[in-house]
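In what follows, a single structure is set out as structure tokens and then discussed.
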Amino acid sequence: MFSTPHKGIRNFLPQLSMLAGSCDYTDPEEVKMLKVRLEETLELLEEHAQAENEIILSALEEKAPGSGTHDQEDHHKLHQMQDKLRAGLNHLASPGIRPEEAMRLGNELYQDISLLHAAHLEHMVEEETVTQSLLWQYFTDGELLQLQGRIIGSMNPELLLKWWKYILPAQNPTERLKLLTNIQASTPADFFEQVLAVAKKNLSASAFEKLAAGLALVGVD
Ligand SMILES: [Fe+2]
């Protein structure tokens, strides 16, 4: 239930950290680029936590009251850290900020991104172990697939493509082929073409070749 989106999160959070660490905070253009990346990161993180709260954890709460509380509280704490980052970068991007102030705030932002990254790593492992065990205990495989379908169905195509951009390069070839085969079987052909284009753009040439060969074997042109 968790491993696919979590691979994407483990891809984009270190990228954000790298960008924040190498940013020239006295250059408004670089701050603007970092802001765009931060906003995309926060959009994905917030959508992910919301889907977990409203679909997975609420279903778990119905079966075993109290069992979703720990993760919901984690989500609340993570949300507060994310709001702090957003406010910090908005301040940095405000016009007329002095260079020394921009560098000081940039360093604070970089450290806050590290704290958020660390908190997400710990939270994801908890969900993949403790919460996943509870899901296996209380739900059948069919019910879990239904929950997974509801999560994917809750996202618009544009948001899904943003997720695939980070998830596909983070997966191993077996996971990637399985995911693409499932997407091909369950979505319109033009959307699948867009997913393939995202794969081509974001995978290495050899990884994409391997994927294309696998898809041809299972009957996808
Ligand atoms: Fe979560």
Per the list (1) over 30 Å from Ser67 (Cβ atoms); (2) touching a Lys or Arg at 6+ places or on another chain (Cβ under 6 Å), residue check on Ile167 breaks on (1)
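Against the condition more than 20 Å from the chain's Cα centre (by Cα) and within 30 Å of Ser22 (Cβ to Cβ), how does Leu121 come out, does it pass? Outline the logic, then answer.
Working: more than 20 Å from the chain's Cα centre (by Cα): no; within 30 Å of Ser22 (Cβ to Cβ): yes.
Here the answer is no, as Leu121 does not meet what is asked.
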Scan segment 67-74 and tell me whether some residue there is of a type in the set (Gly, Ala, Ser) and modelled with pLDDT under 95.
yes
(request) Could you check, for segment 108-127, whether at least one of its residues is within 16 Å of the ligand (Cβ to nearest atom), outside the structural domain of Leu203 (by TED's automatic domain parsing), in contact with a Phe, Trp or Tyr (Cβ under 9 Å, 6 or more places away or on another chain) and part of a helix (DSSP H, G or I)? (result) yes
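One line per residue, one yes/no per condition, for (1) away from the ligand (no atom under 13 Å from the Cβ); (2) of a type in the set (A, V, I, L, M, F, W, C); (3) surrounded by fewer than 16 Cβ atoms within 10 Å (Cβ to Cβ); (4) more than 21 Å from Asn202 (Cα to Cα):
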{"position": "Pro5", "(1), (2), (3), (4)": "no, no, no, no"}
{"position": "Met18", "(1), (2), (3), (4)": "yes, yes, yes, no"}
{"position": "Cys23", "(1), (2), (3), (4)": "yes, yes, no, yes"}
{"position": "Thr26", "(1), (2), (3), (4)": "yes, no, yes, yes"}
{"position": "Val31", "(1), (2), (3), (4)": "yes, yes, no, yes"}
{"position": "Leu38", "(1), (2), (3), (4)": "yes, yes, no, no"}
{"position": "Thr41", "(1), (2), (3), (4)": "yes, no, no, no"}
{"position": "Glu47", "(1), (2), (3), (4)": "no, no, no, yes"}
{"position": "Leu57", "(1), (2), (3), (4)": "no, yes, no, yes"}
Flagged pairs (Cβ under 8 angstrom, 6 or more apart or on separate chains; first in segment 116-128, closer than 13 Å to Pro5 by Cα; second part of a helix (DSSP H, G or I) and among the polar types (S, T, N, Q)) are Glu128/Ser3
Inside segment 90-108, the number of residues satisfying the requirement of being surrounded by 13 or more Cβ atoms within 10 Å (Cβ to Cβ), closer than 10 Å to Pro28 by Cβ and at pLDDT below 95 is 3
Subset of segment 71-95, residues free of Cβ contacts under 8 Å to residues at least 60 places away in the same chain and within 16 Å of the ligand (Cβ to nearest atom), comes to Gln72, Glu73, Asp74, His75, His76, Lys77, Leu78, His79, Gln80, Met81, Gln82
The condition of being free of Cβ contacts under 8 Å to residues at least 24 places away in the same chain and not assigned by TED's automatic domain parsing to the domain that holds Trp163 holds, among Ser67, Ser17, Ser58, only for Ser58
When (1) among the charged types (D, E, K, R); (2) touching a residue at least 12 places away in the same chain (Cβ under 8 Å); (3) not assigned by TED's automatic domain parsing to the domain that holds Ile56 are applied to Arg150, the one that fails is (3)
Within segment 165-190, the count of residues that are open to solvent by 20 Å² or more (accessible area, probe 1.4 Å) and assigned to a helix (DSSP H, G or I) comes to 16
Restricting segment 128-138 to residues that are within 13 Å of the ligand (Cβ to nearest atom) and among the hydrophobic types (A, V, I, L, M, F, W, C), the one surrounded by the most Cβ atoms within 10 Å (Cβ to Cβ) turns out to be Leu135
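The values are calculated or read from the model by the stated rules, or taken from the named source; none is laboratory data. Computed from a predicted structure; not experimentally measured. Note that each Cβ is placed from the backbone with ideal geometry, even for glycine, and that neighbours are counted across all protein chains shown. Areas reflect the complete protein model, heavy atoms only, side chains present, ligands, DNA and RNA absent. Shrake-Rupley method; radii C 1.70, N 1.55, O 1.52, S 1.80 Å.
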